[in-house]
Every structure is written in C-alpha cells, then in structure tokens.
Amino acid sequence: MKAIIIPSFKGGYKITETEIPRPNKDEVLVKVKLGALCYRDLLQLQGYYPRAKYPLILGHEMVGVIEDVGENVEGYSNGDRVTTMLYVPDWKCDACKLGEEYYCKNSKVYSQELDGFFAEYALVKWSTLVKIPSDVGDEAAVVTPCVSAMVLRGLKRSGIREGDYVLVTGAGGGVGVHAVQMAKALGGKVIAVTSSEDKAKFLSKIADHVIVGNKFSEDVRKIGDVRIVIDNVGPFTFDETLRVLKQGGKVIQIGNIDPSQSVNLRLGYLILKNIEIIGHAGAGKRDIEEALSLAREGKWRPVVSNILSFEEIEKGLQMLREKSNLGKILLRF
Ligand SMILES: [Zn+2]
Ligand SMILES: [Zn+2]
C-alpha cells in the first residue's frame, strides 16, 4: 500500500510503498476513503512533536471501511463505515471512569505515539471507532472527530444558551466554518469574523452577521452583547475578543497552538467583566456520536474547499500555510 510517512523527527514526509499491516487482537484494518488535513499536520512537519514515535504515518482525520478485525473486536465487522477518535485513552483512569476520556493522562495519540491514517489502509484500535450512520456522508464523517465534535464539546463547556450571541473569529477556516454552524445548531446567534472578503460572501449564508477585519469590536457593539467567543486565531484577535464580551462572557480558545505565538492578556478586562477563558481541544466518543447525529439532522454540513488525491498532499499543505482555502482540505485514498 501507499502511505504518507514521516521518517524521522523534522524529517519531512515521503509517499512510500509499504506492507499492508495486519490488525492485532484489539485492532481493525480500515480501507481509508478520505483523510482531512489539519494544522496539527503542518506543526508536526515543522517539528513540534519531538517525542512522537518516528517513523510514523501522518494524519489523524479519517473515514473508511473496515476490511479486517482482530479477535477481541466486538460490535464491528467487515464493511462497517467508520471514523475514529484522535487518541486512544486507557479507559480506566479517573478521568475515563467519569466519561471524560479526553482528559485521560495515559492516552496515546494517533500520528504521534501511534501510526496515523494517511495511507491506503490504517490500523485503528477498536475502542476508538465510531460507526457512521448510513445517511451521513463521508465528507461530514471525516471532519467530525477533530472539528465538529471538538467545537461541540467546547460549546458545551461554555454553557451556551438559546439566543446567546456567539462570535467566531477565523470563521472562514476549517474550524471556523464548522464552529459557526455548530453554534447555530445549539441556538446561538452567530457573528462571523473573517479577514477575507471572499470568505465573507460564503459566511453570510451560514452566519447571522459577518464582519471583515481583525478590528471588529466597534461593529459588534452595534449588533449586540456577545456572551461567547470562539477564538480560532489568537494573537491578532484576542484583545478584541476580550473587548466584545459582556459581563460573565466566555472565551473558547481553540486557535492557535503554534508555540512561537502568544497574546498580551489584559487582566483588567478579565477581572472586571468576570470573563472565563476556556482553553479547548479534543472531544470524547459521545461528542463524536452527537455531532454525527446533528449532521444527520441537517444541523451542520461539511464545508470542504478541495478534495485532492493523497499524492497532491503538498498542494493541500501549501493552501493550509497560506490560509487561502475556505473550509477543510480532504485527501482521497
Ligand atoms: Zn485535526
Ligand atoms: Zn484514562
């Protein structure tokens, strides 16, 4: 099979021929249909994951069909269409027992401690699999674990209420376009902020209000009091984010995880407006299932800018670097 492999730390990647792996007793073999590119892939290629187990297969967002199952696997069989959580929890620590497996301290992450999924076939631990309802498409399925379910979990943590104004920064990006829809699905009135006029045109179809530019606080004041900000950007928007929030407002900080960037935190805003900042990553298995149900009900749709062949991954990575694409970039295997 062909696979996109990172041979060593900071070693770039190569598309190479390798043996189709065989599942051990707790694994299934999945014939990969689609993968999705993520900023985490870019950061990994830039060398931000020194402790990962190289060489490894890149990629953590995937949908495919089971082709072989290990002897301990229950409830899954050949032909099932599946996606997976992004990590493998131990399912037995205190966090896991509370149903908060996203806080598991012993979890192993796909494409870090375990091989990822950018290959014609991938091994997945059966405990992390999620079946795709037949009326949910591959494109929705592939963006669910890392994007839609992650945003859903973040909005739950914020305690979103019907009618809340929710502002989304970086709203035209791969996370943003889905955050806008998820906030709407949960009853929010959404203000989408983007730096691109082109992306604004699309966003006006899915958001209640659209603002172009990083200085948005004046415009937002004319619209309403914001209770929740989903900030996908960070350095260029964080100060404005704190400005627009009303008393008791919440920031769901999703972007960005580039360790070379930071924000200047004005404590006055934070304290006097009783603002909570929720650093957020990850989703649990139930969030993935719930996000898939919402997709099935038509509450959100996948926004995909390009579906490339996996051999064209460089083109996709370049679009990610330039932030030129609207929505997610998928790879077909
Ligand atoms: Zn991702
Ligand atoms: Zn655990």
- Message: Let me spell out the model: positive unit charges on the Cβ of Lys and Arg, negative unit charges on the Cβ of Asp and Glu, origin at the Cα centre of the range 148-279. What dipole size does that give, in debye rounded to 20?
- Response: 340 debye
- Accessible area in the full protein assembly, largest first, 1.4 Å probe, for H209, H280: H209, H280
- Please list the non-local residues whose amide H lies under 5 Å from the amide H of C38, H modeled 1.01 Å from N, same-chain partners needing a gap of 5 or more. none
- Task: Taking the chain as the reference, fit the longest principal axis to its C-alpha atoms, fit the long axis of helix 285-296 to the helix C-alpha atoms, and give the angle between the two in degrees, 0 to 90, nearest 10.
- Result: 70 degrees
- Query: At a probe radius of 1.4 Å, what is the per-residue accessible area of L245, in Å² to the nearest 10?
  - Reply: 0 Å²
- So what J values fall out for the range 185-201 if you push phi through Karplus, 6.51 cos²θ - 1.76 cosθ + 1.60 with θ = phi - 60°, rounded to Hz, Gly and Pro as x? 4, 9, x, x, 9, 9, 10, 9, 10, 9, 9, 10, 4, 4, 5, 4, 4
- Task: Can you spot the lysines whose alpha carbon is less than 22 Å from K299's alpha carbon? Ignore those fewer than 8 places along the same chain.
- Result: K131, K156, K184, K189, K199, K201, K205, K285, K328
- Report, in whole Å, the centroid distance computed from the Cα atoms of the range 97-174 and the range 33-84. 12 Å
- Exactly which trypsin sites (Lys or Arg not before Pro) in the range 100-209 are in a DSSP loop and have at most 15 other Cβ atoms within 10 Å? K105, R161
- Message: If I take every Cα pair under 8 Å that is 6 or more residues apart in the range 148-279, average their sequence separation and divide by the length, what percent do I get for the relative contact order?
- Response: 22 percent
- For V190, enumerate residues with amide H under 5 Å from its amide H, sequence gap 5+ or separate chain, H modeled in the peptide plane. V166, D208, H209
- Message: Within the range 31-45, list the residues whose amide N lies under 13 Å from a label point set 7 Å along Cα→Cβ of S260.
- Response: 43-45
- Message: Can you give me the % of accessible surface on the chain that is carbon or sulfur? Probe 1.4 Å, all protein chains present, nothing else counted.
- Response: 48 percent
- Query: Which of rounded, prolate, oblate describes the range 94-144, given a ≥ b ≥ c as roots of the alpha-carbon gyration tensor eigenvalues and a/c under 1.5 marking rounded, otherwise prolate only if a/b is larger than b/c?
  - Reply: oblate
- L43 versus E297, label points 7 Å from Cα toward the beta carbon: distance in nm? 3.1 nm
- Item | the range 148-279: C-alpha gyration tensor shape, a/c 1.5 cut-off, then a/b vs b/c | rounded
- Taking only protein heavy atoms and a 1.4 Å probe, what accessible area per residue, in Å², does the chain have with all protein chains in place? 44 Å²
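The values are calculated or read from the model by the stated rules, or taken from the named source; none is laboratory data. Owing to the predicted nature of the structure, the values given are computational and were not obtained by experimental measurement. Counting neighbours? That spans all protein chains shown, and the Cβs are built from the backbone with ideal geometry, glycine included. For accessibility, only protein heavy atoms count, side chains too; no ligands or nucleic acids. Shrake-Rupley method; radii C 1.70, N 1.55, O 1.52, S 1.80 Å.
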